[in-house]
1. Sort out which residues of region 97-115 are modelled with pLDDT of 90 or more and out of contact with any helix residue (DSSP H, G or I) (no Cβ under 9 Å at 6 or more places or on another chain), and write them in order of number.
2. Kindly list the number of the only condition in (1) under 21 Å from LEU43 (Cα atoms); (2) among the aromatic types (Phe, Trp, Tyr); (3) in a helix (DSSP H, G or I) that fails for TRP114.
3. Looking at GLY106 and the list (1) free of Cβ contacts under 8 Å to residues at least 24 places away in the same chain; (2) loosely packed, with under 15 Cβ neighbours inside 10 Å; (3) not basic (Lys, Arg), which single condition is not satisfied?
4. Take the conditions over 30 Å from ALA54 (Cβ atoms) and either touching a strand residue (DSSP E or B) at 6+ places or on another chain (Cβ under 9 Å) or surrounded by 13 or more Cβ atoms within 10 Å (Cβ to Cβ) (or both) and apply them to ALA112. Does it pass?
5. What number of residues in region 28-43 are surrounded by fewer than 18 Cβ atoms within 10 Å (Cβ to Cβ) and either within 18 Å of ARG82 (Cβ to Cβ) or in contact (Cβ under 8 Å) with a residue 12 or more places away in the chain (or both)?
6. If you take the residues in region 74-97 that are basic (Lys, Arg) and part of a loop (DSSP other than H, G, I, E, B), which one is surrounded by the most Cβ atoms within 10 Å (Cβ to Cβ)?
7. If you take the residues of region 118-151 that are β-branched (Val, Ile, Thr) and surrounded by 14 or more Cβ atoms within 10 Å (Cβ to Cβ), which of them is nearest to GLY78 (Cα to Cα)?
8. Find the residue count for region 73-99, including only residues that are of a type outside the set (Asp, Glu) and under 15 Å from the mean Cα position of the chain (by Cα).
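The values are calculated or read from the model by the stated rules, or taken from the named source; none is laboratory data. Model, not experiment: these values are computed from the prediction. Cβ coordinates were reconstructed from backbone atoms using ideal geometry, including for glycine residues, and neighbour counts include every protein chain displayed.
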Amino acid sequence: MTAERSSEPARDQAAVGRFVERFASVLVEAGIPRMPARVFAALLATDSGRLTAAELAGQLQASPAAVSGGVRYLMAVGMVVREGEPGSRRHHYQVPDQVWDEVITGRDRLMARWTAVLREGIDLIGRDTPAGARLVESVQYFEFVGAELPRVLARWQEHKAALDRGADARPDPNSPAAPGRELRPDERPAPERW
C-alpha cells in the first residue's frame, strides 16, 4: 500500500470494492464502457482522488493495458485528467473538480449537434409527415433542454456555494439562476457553430 493510500481512514476495502463495482455497473447501464466505468468509480471512491495506473490495476485486479484503455477513454470525455510528477515518468489520474458540470456540458454540446442534424432531417423529410413531426418534437426538446441547462448549472453553483458556507441553499431571486427568471441576451451562452 502506498503512503498516499495509507493516509486514508480505515475502511472495509471489500465493501469499498463492492461499491466501486456497483457504481461501475450503473455507469455501464448509462452507456460508459465497463473498464472506464470501473476506473472512474475507483478514482471517485479514493480520498486522494488520484491514483497511478499501477494502483488502479492492483485495486481493480485488471491488466495495465485494460486500465490504460480505460483512462484514455475517460480523458477523452473529460471525466479524468492526467498529472505528471516532476522528474518522473509516472502519472497520476484523477477526477477533475466539477466533473459532473463537465459531463453535463459535454452532453449539452452533443445535443446541440443532434439538433443541427435533426434540422437537416426535417428539411429532407418534411415537417408535415409523421416522421417529420417526430424530428420537430426532438428539436424542440433539445432546444428547451439546451436553453434551461445554463440556468440549472448556475443554480447548482449557487446551491453548492451556499452549502459550502453552511447557509440556506436557496438562490438569490435576482440571480440568472433563479427559477422562472428569463436570461437576458448577454447571459445566454453563445450557440456552438458546426
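1. ARG113 - this is the single residue of region 97-115 that is modelled with pLDDT of 90 or more and out of contact with any helix residue (DSSP H, G or I) (no Cβ under 9 Å at 6 or more places or on another chain).
2. Checking TRP114 against (1) under 21 Å from LEU43 (Cα atoms); (2) among the aromatic types (Phe, Trp, Tyr); (3) in a helix (DSSP H, G or I), the one that fails is (1).
3. (1)
4. Working: over 30 Å from ALA54 (Cβ atoms): yes; either touching a strand residue (DSSP E or B) at 6+ places or on another chain (Cβ under 9 Å) or surrounded by 13 or more Cβ atoms within 10 Å (Cβ to Cβ) (or both): yes.
So ALA112 passes the test.
5. Residues of region 28-43 surrounded by fewer than 18 Cβ atoms within 10 Å (Cβ to Cβ): 28-31, 33-34.
In the following step, the residues that additionally are either within 18 Å of ARG82 (Cβ to Cβ) or in contact (Cβ under 8 Å) with a residue 12 or more places away in the chain (or both) were identified as 33.
Number satisfying all stated conditions: 1.
6. Filtering region 74-97 for residues basic (Lys, Arg) gives 82, 89-90.
Filter again for part of a loop (DSSP other than H, G, I, E, B), leaving 89-90.
On the way: ARG89: 6, ARG90: 11.
Among residues in region 74-97 that are basic (Lys, Arg) and part of a loop (DSSP other than H, G, I, E, B), the one surrounded by the most Cβ atoms within 10 Å (Cβ to Cβ) is ARG90.
7. Taking region 118-151 and keeping what is β-branched (Val, Ile, Thr), we get 122, 125, 129, 136, 139, 145.
Adding the requirement that they be surrounded by 14 or more Cβ atoms within 10 Å (Cβ to Cβ) leaves 122, 125, 136, 139, 145.
Working: ILE122: 32, ILE125: 35, VAL136: 31, VAL139: 26, VAL145: 21 Å.
So, considering only residues that are β-branched (Val, Ile, Thr) and surrounded by 14 or more Cβ atoms within 10 Å (Cβ to Cβ), the one nearest to GLY78 (Cα to Cα) is VAL145.
8. Kept after step one, since they are of a type outside the set (Asp, Glu), are these residues of region 73-99: 73-82, 84, 86-96, 98-99.
Next cut, under 15 Å from the mean Cα position of the chain (by Cα) only: 73-81, 94-96, 98-99.
Final tally of qualifying residues: 14.
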